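Since the structure comes first, as structure tokens, the remarks are kept for the end.
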Amino acid sequence: MNNRKVTLAVTAAGVVAGVVGLGIVANPAGAGPAPTLPSVSAESLVQSVLTAKPAAFAGSVEVTNNLGLPALPGIPLTADGVNKARVWSDGQGRARLSLPSAQSEQVFVEDGKTVWSYDSAKKTATKSTKDAAKDGAGKTPLDQHGDRAANPVTAAADLITELRKTSNIAVDGTATVAGRPAYELVLSPKPDERTLLREVRVAVDSELRIPLRAEVLTNGTNEPAVQVAFADLTVGSQDASLFTFTPPAGTKVEDKNLTAKDRKTAEEAKDQVSPQVVGDGWDTTLVGRVPAGLLSGNATAPNGSTKHNGQNPAALLKQFGMPVSGAWGSGIKISTKVGTGLLTDDGRFAVGAVPEQVLYEAIGQVK
Amino acid sequence: MTATLAEASAPTEGRAPRAPLTRLLRSELRWVLRRPRTLIGLGLLGLAPVVIGIGISLATGSGRNGPDALFGLLKGNGLLLPLLTLFLSMPLLLPLVGAMSAADALAGESANGTLRGLLLAPVSRVRLLGVKAFGVATVTLIAVAIIAVVGAIAGPLLLGGTSMLTLSGTTLTVLPSLGRVLLAVLWVTVQIWAVGAIALAISACTEHPLIAMASTLAGLIVCTVLESISSLGWLQPYLLPDSWGSIVDLVRDPLDMSSLTTGTWRAVCYIVVGLSLATARMATKDA
């Protein structure tokens, strides 16, 4: 029967269309071909980023983590995967950031004077007033490093000169990120740098000159170890109500302004840790000594609040670290694709974006 | 296309008078809604929000951390109840309704021996399937709507408050809250239609309604298990329940439609595949 054949042909087409559609839904099309943009030098690109006016926008940012760390209880962000954040900015210093998770959300609102943070799972809001003394006269942090740094042109030149000592900087083609054309600025270590990193790529919006994507690439793979990128970005003025926050009824509101005492505690903790920098450029390592007691989980961290949910950090580290030993002593090594960390049994630590041998050399310099 | 197909597959000899579509649809609905099991099922679904509402209003514990974070928001936010009940009934209760009515629609008729009569009737098979699919779709919509309506009434009564506290810390007034509930009803209905379409395809292939229902639910359970295996991340975006958790996005402010939209497209693809397979089976079935 002919009409039966027609029906079967139509249904076969329907099945194929449905399956293809499912494939498209599952694997959304990537960015199209690289856009053609007027060429720009690395210097002027960096300079334009430093001089760019903050834009008003709404967007969502995806953080793709491929570090190879296990998920830590309570800190799901460390595990491999994609995390999303939604951001809004009015271009005049007010901003909103929201971190949605499966059944809750953390919101951070900066309304110009106050920074609010709200956690829907705990039903708590934290309020901290911006320190008037810190940036009183509306100075941006950029202004505070003297006249030469205050001028974006010289600041960009200085920054590039400094980076060129250890890195190659270049504008490497263009890309489309969140539907917007962007320049790709690539920073790669000079051959004699001992580092795990291959290059750092930053896609800079060709019009707004704000970074749209940052990728950290490691040796031997084309998959970025960490990528932070806008998934979508809408430029334009935003509803003012987004940048205000009123704690909902039934919320516990905490005031969290750093008092002089808090600062003193933090300073003391910092002295105790006495971090020092060994090496320069890409093989910089940070070494120091962990405050006694912190590892057993009953001391307070520098900010005076960390409690690690009652877990013993040392035991936690042993779970995903590897015991190592050498002329410098013995300890636990934690390797990720972008860096290595070393914690010795007597409480010294060293971290850096370097292979483990560099850490073994650096750890000897801790007093 | 359906119309031409219906035209084409009408009996060639002497063109029997065709029953008007609306009459067919109406009689199918009357037939489906008069079944005691449909009515009992819908009635029990209506109890779900009431039970959850009473449970929450009696609860005194302060379990506000952890996976029950949504429950923590419920007190004083009555209009969250319909959303939460839909969220809770999505994994099993509502698919059960979709699968049950789809199983009854074709396999059930087969088991009773009444499908034979329908296949021989002067109604094209594509049309017959369309009428059956309409019945399943309507029962699903009614089931989802009952949960939402009962929840929207019981919520403010049991838990107080006619507003909705979003996860973002803002409070929506009555109308926007009801808008969110309406969006939830539409979104959940489309998702359950996808389950129903697959169930209808299985239902067309068997004479035992139990098989259609069991295999649909088994498939869904397997999907849920696969969703929880993190090394199968590449497979998960193909599975229907992948975006079912994103109904929570309706309780965020401003609304983020991105994963809800993805979920809708995924469901539409499943509906197309399911109905196509069901049509193919119906067209080749011996009367």
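The values are calculated or read from the model by the stated rules, or taken from the named source; none is laboratory data. Worth saying up front: this structure is predicted, and the values here are computed from it rather than measured. FYI the Cβ positions are ideal-geometry reconstructions off the backbone, even for glycines, and counts take in every protein chain you see.
In this structure, residue B:150 does not qualify as surrounded by 21 or more Cβ atoms within 10 Å (Cβ to Cβ) and either modelled with pLDDT of 90 or more or outside any loop (DSSP other than H, G, I, E, B) (or both). Within the range A:1-12, the set of residues being facing chain B (nearest Cβ under 7 Å), under 13 Å from residue B:124 (Cβ atoms) and surrounded by fewer than 18 Cβ atoms within 10 Å (Cβ to Cβ) comprises A:4, A:6.
Of all residues in the range A:46-56, none satisfies being in a strand (DSSP E or B), within 14 Å of chain B (Cβ to nearest Cβ) and either touching a residue at least 12 places away in the same chain (Cβ under 8 Å) or closer than 21 Å to residue A:186 by Cβ (or both). When the residues of the range A:321-356 are narrowed to those that are in contact (Cβ under 8 Å) with a residue 60 or more places away in the chain and not in a strand (DSSP E or B), which ends up farthest from the chain's Cα centre (by Cα)? Result: A:355.
For residue A:271, state whether it is away from chain B (no Cβ under 14 Å), touching a strand residue (DSSP E or B) at 6+ places or on another chain (Cβ under 7 Å) and loosely packed, with under 11 Cβ neighbours inside 10 Å. Taking the combined requirement at face value, the residue does not satisfy it. In the range B:223-243, is there at least one residue being in a helix (DSSP H, G or I), under 30 Å from residue A:121 (Cα atoms), without any contact (Cβ under 8 Å) to a residue 12 or more places away in the chain and β-branched (Val, Ile, Thr)? The answer is yes, given that some residue of the range B:223-243 is in a helix (DSSP H, G or I), under 30 Å from residue A:121 (Cα atoms), without any contact (Cβ under 8 Å) to a residue 12 or more places away in the chain and β-branched (Val, Ile, Thr).
Quick check: anything in the range A:255-268 over 28 Å from residue A:170 (Cα atoms) and at pLDDT 80 or above? Yes, there is a match, as at least one residue in the range A:255-268 is over 28 Å from residue A:170 (Cα atoms) and at pLDDT 80 or above. Residue A:225 - would you say it is in contact with a Lys or Arg (Cβ under 6 Å, 6 or more places away or on another chain), farther than 25 Å from residue A:44 by Cβ and in contact (Cβ under 8 Å) with a residue 24 or more places away in the chain? Yes, satisfied.
Looking only at residues that are within 28 Å of residue B:180 (Cα to Cα) and out of contact with any Phe, Trp or Tyr (no Cβ under 8 Å at 6 or more places or on another chain) in the range B:235-244, which one is surrounded by the most Cβ atoms within 10 Å (Cβ to Cβ)?
It comes out as B:243.
In the range B:258-269, of all residues being crowded, with 23+ Cβ neighbours inside 10 Å and more than 7 Å from chain A (Cβ to nearest Cβ), the one that is farthest from residue A:232 (Cα to Cα) corresponds to B:267. Here residue A:124 does not fit the description of being within 22 Å of residue A:227 (Cα to Cα) and either at pLDDT 85 or above or aromatic (Phe, Trp, Tyr) (or both).
Do you know which residues across the range A:13-44 are among the hydrophobic types (A, V, I, L, M, F, W, C) and more than 7 Å from chain B (Cβ to nearest Cβ)?
Across the range A:13-44, the qualifying residues are A:13, A:16, A:20, A:24, A:29, A:31, A:34, A:37, A:40, A:42.
Does the range B:169-178 contain any residue that is more than 30 Å from residue A:109 (Cβ to Cβ) and in a helix (DSSP H, G or I)? No: zero hits. Being within 16 Å of residue B:83 (Cβ to Cβ), part of a helix (DSSP H, G or I) and touching a Ser or Thr at 6+ places or on another chain (Cβ under 8 Å) is true for just one of B:187, B:193. Which residue is that? Just a single option satisfies the conditions, and that option is B:187. Please find, within the range B:202-234, the residue that is nearest to residue B:112 (Cα to Cα) out of those that are surrounded by fewer than 17 Cβ atoms within 10 Å (Cβ to Cβ) and polar (S, T, N, Q). Going through the qualifying residues, I end up with B:224.
Note on the range B:246-257: residues that are within 7 Å of another protein chain (Cβ to nearest Cβ) and either under 18 Å from residue B:219 (Cβ atoms) or modelled with pLDDT of 90 or more (or both) total 2. So for the range A:76-96 (the condition being modelled with pLDDT of 85 or more, among the polar types (S, T, N, Q) and in a loop (DSSP other than H, G, I, E, B)), does at least one residue qualify? Checked the range A:76-96: at least one residue is modelled with pLDDT of 85 or more, among the polar types (S, T, N, Q) and in a loop (DSSP other than H, G, I, E, B). I'd like to check something: does the range B:163-175 contain any residue that is under 25 Å from residue B:254 (Cβ atoms), of a type in the set (S, T, N, Q) and more than 14 Å from chain A (Cβ to nearest Cβ)? No, the range B:163-175 contains no residue that is under 25 Å from residue B:254 (Cβ atoms), of a type in the set (S, T, N, Q) and more than 14 Å from chain A (Cβ to nearest Cβ).
So that you can scan it fast, the table gives a plain yes or no per residue for (1) modelled with pLDDT under 85; (2) crowded, with 18+ Cβ neighbours inside 10 Å; (3) within 13 Å of the chain's Cα centre (by Cα); (4) not aliphatic (A, V, I, L, M):
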position	(1), (2), (3), (4)
A:214	no, no, yes, no
A:220	yes, no, no, yes
A:226	no, yes, yes, no
A:233	no, yes, no, no
A:238	no, yes, no, yes
A:245	no, yes, no, yes
A:249	yes, no, no, no
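Checking B:112, B:77 one by one, the residue that is over 11 Å from the mean Cα position of the chain (by Cα), at pLDDT below 90 and crowded, with 24+ Cβ neighbours inside 10 Å is B:77 and no other. The residue pairs whose first member lies in the range A:179-201 and is among the charged types (D, E, K, R), whose second member is in a strand (DSSP E or B) and surrounded by fewer than 18 Cβ atoms within 10 Å (Cβ to Cβ), and whose beta carbons are closer than 6 Å, counting only pairs six or more residues apart or on different chains, are A:184/A:172; A:184/A:173. The test for being within 14 Å of chain B (Cβ to nearest Cβ), under 30 Å from residue B:126 (Cα atoms) and modelled with pLDDT under 85 does not hold for residue A:65.
Residue-by-condition table, conditions (1) under 27 Å from residue B:252 (Cα atoms); (2) within 14 Å of another protein chain (Cβ to nearest Cβ); (3) aromatic (Phe, Trp, Tyr):
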position	(1), (2), (3)
B:58	yes, no, no
B:88	yes, yes, no
B:92	yes, no, no
B:103	no, no, no
B:109	no, no, no
B:135	no, no, no
B:139	no, no, no
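There is no residue in the range A:27-34 that is over 32 Å from the mean Cα position of the chain (by Cα) and either assigned by TED's automatic domain parsing to the domain that holds residue A:207 or loosely packed, with under 11 Cβ neighbours inside 10 Å (or both).
One line per residue, one yes/no per condition, for (1) loosely packed, with under 15 Cβ neighbours inside 10 Å; (2) within 19 Å of residue A:47 (Cα to Cα); (3) modelled with pLDDT of 90 or more:
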residue	(1), (2), (3)
A:157	no, yes, no
A:165	yes, yes, no
A:186	no, yes, yes
A:192	yes, no, no
A:196	no, no, no
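Could you tell me whether residue B:44 is within 14 Å of another protein chain (Cβ to nearest Cβ) and modelled with pLDDT of 80 or more? So residue B:44 does not fit the description; no.
Checked against (1) in contact (Cβ under 8 Å) with a residue 60 or more places away in the chain; (2) facing chain A (nearest Cβ under 9 Å), residue B:284 meets all criteria but (1).
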